[in-house]
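The values are calculated or read from the model by the stated rules, or taken from the named source; none is laboratory data. Computed from a predicted model, the values in this text were never measured in an experiment. In this analysis, Cβ positions are derived from the backbone assuming ideal geometry, glycine residues included, and neighbour counts consider all displayed protein chains. The protein model used for the area step is the full one, side chains on, heavy atoms only, and it has no ligands, DNA or RNA in it. Shrake-Rupley method; radii C 1.70, N 1.55, O 1.52, S 1.80 Å.
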Amino acid sequence: MNGVEAFLLGRTLMKIGEQAMPQPKSGPPGPVRSVVVVLGDVVSHPGTTVGEIAARTGLPQSQVSTAVARLEQAGSVGTEPDPADRRRRLIRPAAEPSARVAEVRATTIDDALVAALTGPDGTAPDPDTVRAVTAALDLLARTLTPAVTAR
């Protein structure tokens with residue numbers, strides 16, 4: 001596999017993940033990619049600011065602000081004034097996962113993976129192929145965590 005193939009595989013996996021995400025029961029559905037990226041950054045850097053998240057993730061500050069607002073509304077993060085600069089807010093993961101976080105974490109990618117593996121003519125994927133791909137994804141998830149790839 002070369003770098004381009006790895007990049008394209010990553011994009012495909014992101015799309016499968018997005019398709020597997022349950023839509024919120026209230027509020028606007030909106031895109032999930034930036035919300036997931038921002039939440040991942042907040043978990044890795046508790047007590048951070050919108051500007052710091054934008055710098056680390058490469059997302060526009062307005063997109064980070066919108067994602068933080070959605071996460072706060074869902075109960076996934078909390079904010080507090082920055083003691084060093086009262087105009088800024090420090091963002092931390094919520095002490096207890098919200099019902100929305102629990103719902104998202106409990107949702108598997110099984111249906112989205114089967115859809116991705118379905119042939120262009122609608123032919124269902126071979127069950128052995130689904131099991132093999134699932135096992136490969138489990139291995140990747142255990143070994144290529146964000147902490148590992150940040151080194």
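For the range 87-105, name all the residues that are open to solvent by 30 Å² or more (accessible area, probe 1.4 Å) and either within 14 Å of Thr48 (Cα to Cα) or assigned to a helix (DSSP H, G or I) (or both). Reasoning before the result, please.
Pass one, the range 87-105, residues open to solvent by 30 Å² or more (accessible area, probe 1.4 Å): 87-89, 92-97, 99-100, 102-105.
Arg87, Arg88, Arg89, Arg92, Pro93, Ala94, Ala99, Arg100, Ala102, Glu103, Val104, Arg105, listed by residue number.
Please tell me if Thr108 is at pLDDT 95 or above and either open to solvent by less than 80 Å² (accessible area, probe 1.4 Å) or within 16 Å of Lys15 (Cα to Cα) (or both). Break it down into steps so the answer makes sense when it comes.
Details: at pLDDT 95 or above: no; either open to solvent by less than 80 Å² (accessible area, probe 1.4 Å) or within 16 Å of Lys15 (Cα to Cα) (or both): yes.
So Thr108 fails the test.
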Exercise. What is the one condition in (1) touching a Pro at 6+ places or on another chain (Cβ under 9 Å); (2) in contact (Cβ under 8 Å) with a residue 24 or more places away in the chain; (3) in the same structural domain as Val37 (by the TED database) that Arg87 does not satisfy?
Worked result: (2)
